[in-house]
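Participant: One structure coming up, written as structure tokens, with questions to follow.
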């Protein structure tokens, strides 16, 4: 009578959603690791600049580190919410 699509098995749909969430979790974990690596590089750069006496540049980079940490915390919050949705 109507424009109904093919019937989808609820178990299959749940499994597909779980697969999608797991992929997203892995993607977030990769992003978090990349942010951590970037932070390490920035911290070494800050130390080099500080020893050279370029405190203004070091201050700018330290603000970047703070933004980086805030973003990483947001990603962790999202990842924990995905874990809850998956279970």
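The values are calculated or read from the model by the stated rules, or taken from the named source; none is laboratory data. Predicted, not measured: the structure shown is a model, and the values here were computed from it. Every residue, glycine among them, receives a Cβ derived from its backbone with ideal geometry; neighbour counts consider all protein chains shown.
Participant: Against the condition surrounded by 10 or more Cβ atoms within 10 Å (Cβ to Cβ) and either modelled with pLDDT under 90 or not in a helix (DSSP H, G or I) (or both), how does residue 13 come out, does it pass?
Facilitator: Numbers: surrounded by 10 or more Cβ atoms within 10 Å (Cβ to Cβ): yes; either modelled with pLDDT under 90 or not in a helix (DSSP H, G or I) (or both): yes.
Yes, satisfied.
Participant: Report the residue count in the range 51-70 for those that are within 11 Å of the chain's Cα centre (by Cα) and surrounded by 14 or more Cβ atoms within 10 Å (Cβ to Cβ).
Facilitator: Restricting attention to the range 51-70, the residues satisfying the condition of being within 11 Å of the chain's Cα centre (by Cα) are 68-70.
From what's left, surrounded by 14 or more Cβ atoms within 10 Å (Cβ to Cβ): 68.
Total satisfying the criteria: 1.
Participant: Against the definition (modelled with pLDDT of 95 or more and either touching a helix residue (DSSP H, G or I) at 6+ places or on another chain (Cβ under 9 Å) or not in a helix (DSSP H, G or I) (or both)), how does residue 60 come out, yes or no? Lay out the reasoning, then the answer.
Facilitator: Values: modelled with pLDDT of 95 or more: yes; either touching a helix residue (DSSP H, G or I) at 6+ places or on another chain (Cβ under 9 Å) or not in a helix (DSSP H, G or I) (or both): no.
Answer is no for this residue.
Participant: Then there is this: Would you confirm, using the coordinates I've provided, whether residue 7 is without any contact (Cβ under 8 Å) to a residue 60 or more places away in the chain and either surrounded by 12 or more Cβ atoms within 10 Å (Cβ to Cβ) or under 14 Å from the mean Cα position of the chain (by Cα) (or both)? So that I can check it myself, show each step before the final result.
Facilitator: Values: without any contact (Cβ under 8 Å) to a residue 60 or more places away in the chain: yes; either surrounded by 12 or more Cβ atoms within 10 Å (Cβ to Cβ) or under 14 Å from the mean Cα position of the chain (by Cα) (or both): no.
For residue 7, the condition - without any contact (Cβ under 8 Å) to a residue 60 or more places away in the chain and either surrounded by 12 or more Cβ atoms within 10 Å (Cβ to Cβ) or under 14 Å from the mean Cα position of the chain (by Cα) (or both) - is not met.
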